[in-house]
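Step one of this worksheet: look at the structure below.
The values are calculated or read from the model by the stated rules, or taken from the named source; none is laboratory data. The structure presented is a predicted model; accordingly, all values stated were derived computationally and were not measured. Heads up, the Cβs are rebuilt from the backbone with ideal geometry, glycines too, and the neighbour counts pull from every protein chain shown.
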Amino acid sequence: MNQLNRPYTKYLNIARSSKAFNEAELQVLEGLLRQCLEGPNEEGYIMLTEKEDGEDVAFLIYGKTPMTEFTYDLYWVVVSPSHQGKGFGRRIISRMEQCLLKEKDKINIRVETSGSEHYVGQRAFYEAMNFNLCGRIPSFYKEGDDLVIFYKCVTKNNLSGGSKSNERL
């Protein structure tokens with residue numbers, strides 16, 4: 001199959017167009033997309049997409065955290081640049097939470113991201129989505145680029161979607 005016709009290409013192009021990820025990150029994403037869409041997906045990654053007018057405009061990839069009862073890792077949230085700030089990121093994370101709460105009464109969601117200035121928008125997004133900053137490892141990725149860890153606990157009685165003042169995200 002031609003590389004351009006592979007199922008994952010459109011999602012990789014959305015990520016590339018966002019200019020949020022470097023080439024190494026895009027290579028990792030390509031591998032995850034291949035597993036999600038072409039298999040084998042032995043690690044159990046799950047991909048959700050958001051569409052507008054039949055066109056994919058956002059996606060996320062998450063998976064169960066090994067050796068935990070109700071904890072999941074949110075690996076990627078990607079929204080097309082022309083659709084950022086319009087609620088697609090909020091909507092797709094809420095869908096993920098609702099899917100998980102069909103199976104569990106309580107879920108923890110963990111996110112790891114970069115502490116670099118380039119990722120300030122991503123960190124603000126997670127905070128607006130009621131994720132809690134719970135850890136930082138200095139110079140994790142490279143000198144001066146910390147690993148920042150967020151988590152969120154959601155229960156069937158406490159569905160969260162951020163505050164009304166952050167609906168534009």
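Below are the figures for this structure:
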{"item": "Out of GLU97, GLU112, GLU143, sole residue that is among the charged types (D, E, K, R), modelled with pLDDT of 95 or more and more than 27 Å from TYR8 (Cβ to Cβ)", "result": "GLU143"}
{"item": "Test: residue in segment 14-24 that is closer than 23 Å to ARG90 by Cα, out of contact with any Gly (no Cβ under 8 Å at 6 or more places or on another chain), loosely packed, with under 13 Cβ neighbours inside 10 Å and among the small types (Gly, Ala, Ser)", "result": "yes"}
{"item": "Test result for TYR126, under 24 Å from MET47 (Cβ atoms), touching a strand residue (DSSP E or B) at 6+ places or on another chain (Cβ under 8 Å), among the aromatic types (Phe, Trp, Tyr) and part of a helix (DSSP H, G or I)", "result": "yes"}
{"item": "Leading residue by the ranking (farthest from VAL77 (Cα to Cα)) among those in segment 102-127 that are small (Gly, Ala, Ser) and surrounded by 18 or more Cβ atoms within 10 Å (Cβ to Cβ)", "result": "GLY115"}
{"item": "Filtered residue count, segment 53-65, keeping only those that are among the small types (Gly, Ala, Ser) and either outside any strand (DSSP E or B) or farther than 23 Å from ARG95 by Cα (or both)", "result": "1"}
{"item": "Candidate set from segment 30-47 (those that are part of a loop (DSSP other than H, G, I, E, B) and among the acidic types (Asp, Glu)); member that is surrounded by the fewest Cβ atoms within 10 Å (Cβ to Cβ)", "result": "GLU42"}
{"item": "Leading residue by the ranking (farthest from the chain's Cα centre (by Cα)) among those in segment 97-127 that are more than 23 Å from GLY63 (Cβ to Cβ) and of a type in the set (A, V, I, L, M)", "result": "VAL120"}
{"item": "Qualifying residue in segment 62-69 (condition: among the β-branched types (Val, Ile, Thr), surrounded by 16 or more Cβ atoms within 10 Å (Cβ to Cβ), at negative phi and in contact (Cβ under 8 Å) with a residue 24 or more places away in the chain)", "result": "no"}
{"item": "Out of GLU50, GLU69, sole residue that is part of a strand (DSSP E or B), at pLDDT 95 or above and either over 23 Å from GLU97 (Cα atoms) or among the charged types (D, E, K, R) (or both)", "result": "GLU50"}
